[in-house]
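The values are calculated or read from the model by the stated rules, or taken from the named source; none is laboratory data. All values reported here derive from a predicted model rather than from experimental measurement. Glycine also receives a Cβ, built like all others from the backbone with ideal geometry; neighbour counts cover every protein chain displayed. Remember, those area values only see protein heavy atoms, side chains included, never the ligands or the DNA or RNA. Shrake-Rupley method; radii C 1.70, N 1.55, O 1.52, S 1.80 Å.
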Amino acid sequence: MDNKRRKILKIAAATAAVSFTGLPIETFASYLPKIGKYVRSDKEKKAKQWGMVIDTRKFKTKEDFERVIKACHSIHNVPEDIPNKKQEIKWIWEEEFSHAFPDQENPFLAERYEHKDVIVLCNHCQHPPCVRVCPTKATFKREDGIVMMDFHRCIGCRYCMAACPYGSRSFNFRDPAPFVKHKNPKFPTRMRGVVEKCLFCYERLEEGKLPACVEASNGAIIFGDIFDPNSEISKVLRENYTIVRKPELGTGPCVFYII
Amino acid sequence: MYDKDKIIPGLIIFFFLITFPLWYNLGQAAYESPKPKLPVNVKKCIEDTEWMRANHMELLNEWRDMVVRHDMTHYVNSAGVNYEISLQKTCMKCHTSKKEFCDKCHVKVSVSPYCWDCHVAPEEVTNGQ
């Protein structure tokens, strides 16, 4: 009797000791065929919270918008010209000022804002509501603040779309492949039944590059670590008056706008 | 024995049916191992050929989770060689054809990994799609 109790206590203590080491479960999972090692990229750009400042004053012509959108959509195999507008897939797109910032509406708003278009994308929120509702953890917040999608886990329930107040997520109502005219062989496409959105070019950051839209924007979009007080973006945020989309919802968007 | 004339024909029919698969296959071609087309200018896979044959599906699953969920983008194999983790950029750089390589085995053993619903096979690109 006593002997048995001791044994149980020993096992419990050993289990607790293992769980307190803080090592990921993979370390102990002996069923995995582990013979190699996994390492990070040495070129990787690191941050506590990636963020973006969009200088709307620098988006003047239609071409300015299209160049940025095309840069993103072409490398990520985002389908284009889907006939049914309701089934469109968008990672980054043009939105009317009054739709992007409904809380800024006011009947005497200067005309130049009323009909202004701004560029919008996933806000990579500090408190992302999409992550809270995802039942499979297919969408989650990475250590560097990116709200990531694991397309392999997405079951297409669309809770995240209902939760996102910015309409940043699109659902593949049909097989997107026929609408991707020039496939980028370096990035996967998607299939019917998954949700997709902007991923802040995590795959480019890992190679030490800036996101595609930032690179194509000719300085109209500034990207960096908003939690690092010495970064360029923090300096821009300190020196300029910026607004975010729907701040009253408390999602903590990390995409800022200079109007 | 009662009902001898029913039981004995019954047993004969029973044995005929139960051995059906054996003699049905008589005279048909024997099973042949699939012959995937191997890369010509490289000699070695990421790990031993034997190990890859048995474990490539689990390696791929692990690769996927490491990149997507743990930000680990490189794999150092048991011999110390560093590979970028990617199905499209790494596996398919050496194995330049899905049809002539992956499919050769998979069709034979009737597995159809759904990976290619999204991942772009080399063929799709050369066909100019």
Tilt, helix B:49-70 to longest principal axis of chain B (alpha-carbon atoms), in degrees rounded to tens, equals 60
Once label points are set 7 Å from the Cα along Cα→Cβ at both residue A:5 and residue A:242, what is their separation, rounded to one decimal in nm? 6.2
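Taking 8 Å as the Cα distance limit and 6 or more residues as the minimum spacing, I'd like the relative contact order of the stretch A:33-258 as a percentage.
Details: 399 pairs, mean separation 74.1, N = 226.
Worked out over the stretch A:33-258, it gives 33 percent.
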Quick one: buried accessible area between B and A, total over both chains, 1.4 angstrom probe, nearest 100 Å²? 3200
Taking only pairs that are 8 or more places apart or on different chains, how many Lys pairs in the stretch B:1-124 have Cα atoms under 16 angstrom apart? 14
Output the relative contact order of the stretch B:47-129, whole-number percent, from Cα pairs under 8 angstrom with separation of 6+ residues. 21
Between the chain alone and the structure with every protein chain in place, find the residues of the stretch A:167-215 that drop at least 40 Å² of accessible area; heavy atoms, 1.4 Å probe. A:183, A:185, A:186, A:188, A:189, A:191, A:206
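What number comes out for accessible area per residue over the protein assembly as shown if the probe is 1.4 Å? Units Å², please.
Working: 23670 Å² over 388 residues.
Accessible area per residue, the protein assembly as shown: 61 Å².
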Dipole magnitude of the stretch A:33-258 about its Cα centre (Cβ charges: Lys, Arg +1; Asp, Glu -1), debye to nearest 20: 920
With just the Cα atoms defining each centre, how far is the stretch A:96-132 from the stretch A:156-220? Give it in Å. 20
Mind grabbing the accessible area of residue B:119 for me, 1.4 Å probe, Å², rounded to tens? 30
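Give me the net charge of residue A:146's neighbourhood, meaning all other residues with Cβ under 13 Å from the Cβ of residue A:146; Lys, Arg count +1, Asp, Glu -1.
Details: positive: A:45, A:46, A:48, A:141, A:142, A:197, A:204, B:69; negative: A:44, A:143, A:144, A:150, A:203, A:206, A:225, B:71.
Combined, the nearby Lys, Arg, Asp and Glu give 0.
Got a number for carbon plus sulfur as a percent of the stretch B:4-115's accessible area, 1.4 Å probe? Kindly include the intermediate steps, with their values, before the conclusion.
Numbers: 5170 of 8100 Å².
The computed percentage sits at 64.
Let me spell out the model: positive unit charges on the Cβ of Lys and Arg, negative unit charges on the Cβ of Asp and Glu, origin at the Cα centre of the protein assembly as shown. What dipole size does that give, in debye rounded to 20? Kindly include the intermediate steps, with their values, before the conclusion.
Details: 58 positive and 49 negative charges, 211 e Å.
With Lys and Arg at +1 and Asp and Glu at -1, about 1020 debye.
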Can you put A:238, A:174, A:142 in order of accessible area, largest first, using a 1.4 Å probe? A:238, A:174, A:142
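Mind ranking B:118, A:157 by accessible surface for me, highest first, 1.4 Å probe? All intermediate terms of the calculation are to be shown ahead of the outcome.
Numbers: B:118 25, A:157 55 Å².
The ordering from most to least exposed comes out as A:157, B:118.
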Residue B:42 accessible area, assembled protein chains, probe 1.4 Å, Å²: 60
Leaving ligands, DNA and RNA out of it, work out the accessible area of residue B:33 with a 1.4 Å probe and give it in Å² to the nearest 10. 80
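First measure r as the distance between the Cβ atoms of residue B:61 and residue A:133, then evaluate 1/(1 + (r/R0)^6) with R0 = 22 Å and state the FRET efficiency to the nearest 0.05.
0.30
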